[in-house]
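Student: Shown below is the structure under consideration.
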Amino acid sequence: MSNGLTNIAVFASGSGSNFEAIAEEALAGRLPCQVKVLVCDREHAPVKEKAQALGISVFCFRPRDYEQKADFEAEIVRMLQEADVELIALAGYMRLVGSTLLKAYEGRIMNIHPSLLPAFPGKDAVEQAMEANVKVTGVTVHLVDEGMDTGPIIEQEVVRIQTTDDAQSLQKKIQQIEHRLYPAVIQQFVEGEI
Ligand code: GAR
């Protein structure tokens, strides 16, 4: 940490609305963090353009260029350490984190997921909730371990599913919460409240 800000990296694979929410809070000075880099595993992910528009560096890699996960994770760790990154926030990074990254950033990788974990882990959590006909779902922020959307839960917020909801309207409600909750949890974490 220099200048009183915690250096963070955001990992994302898709549209990047959570990345944008975190980066904008940090750039506006409302989050005591500097987003040093976006790490992206998909060449054509829209999140890359969002990072470029905000002047944030992008580290993009193609997993198929590496023999194994440990190889690209070792390269990522080297890059993160060079950039003095202290905390990693996964935001729609659709890949399991391996032991190389977990060891280097033990207890310092968090993830956001669009359900009340442990319900509906994995992909399509919003569709899973709709299909299960549950009355409530929500958002979870948790620390990352080697599992899929497992690891100690830091914070959760409930969303009620109305009879008029479809997957799209539910997704919209969930994302609105995510964009507020994730920066708030990151702030609590860097301020040592978690
Ligand atoms: C978010 O809703 C996040 O919770 C989810 O991916 C979406 C990414 O959206 N993550 C998972 O499902 C993790 N298993 P975004 O690219 O617009 O931030």
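Student: Could you list all residues from segment 4-25 that are touching a residue at least 40 places away in the same chain (Cβ under 8 Å) and hydrophobic (A, V, I, L, M, F, W, C)?
Tutor: Listed by number, the residues that qualify are Ile8, Ala9, Val10, Phe11, Ala12, Phe19, Ala21, Ile22.
Student: Within segment 136-144, can one find any residue that is within 15 Å of the ligand (Cβ to nearest atom) and surrounded by fewer than 15 Cβ atoms within 10 Å (Cβ to Cβ)? Can you show your working first?
Tutor: Taking segment 136-144 first, the residues within 15 Å of the ligand (Cβ to nearest atom) are 137-144.
Of the ones still in play, those that are also surrounded by fewer than 15 Cβ atoms within 10 Å (Cβ to Cβ) are none.
For segment 136-144, residues within 15 Å of the ligand (Cβ to nearest atom) and surrounded by fewer than 15 Cβ atoms within 10 Å (Cβ to Cβ): absent.
Student: With the checklist (1) farther than 15 Å from Asn18 by Cα; (2) among the aliphatic types (A, V, I, L, M); (3) within 16 Å of the chain's Cα centre (by Cα) in hand, flag the one item Val134 doesn't pass.
Tutor: (3)
Student: May I pose another question? Are there any pairs with C-beta distances below 6 angstrom linking a residue in segment 42-71 that is free of Cβ contacts under 8 Å to residues at least 60 places away in the same chain and within 16 Å of the ligand (Cβ to nearest atom) to a residue that is in a loop (DSSP other than H, G, I, E, B) and hydroxyl-bearing (Ser, Thr, Tyr), with the two at least 6 apart or on different chains, and if so which?
Tutor: Hits for this filter: Arg42/Ser13; Ala45/Ser13; Pro46/Ser15.
Student: Here's something else I'd like to know. Anything in segment 95-135 that is of a type in the set (Asp, Glu) and away from the ligand (no atom under 12 Å from the Cβ)? List them, or say none.
Tutor: Glu106, Glu131
Student: Applying the selection to segment 78-102, what residues are out of contact with any Lys or Arg (no Cβ under 9 Å at 6 or more places or on another chain) and surrounded by fewer than 21 Cβ atoms within 10 Å (Cβ to Cβ)?
Tutor: Matches in segment 78-102: Arg78, Met79, Gln81, Glu82, Leu102.
Read the figures in this text as sums done on the coordinates, not as results from a lab. Just so it is clear, the structure is predicted and the values come from calculations on it, not from any experiment. Every residue, glycine as well, gets a Cβ built from its backbone with ideal geometry; the counts of neighbours run over all protein chains shown.
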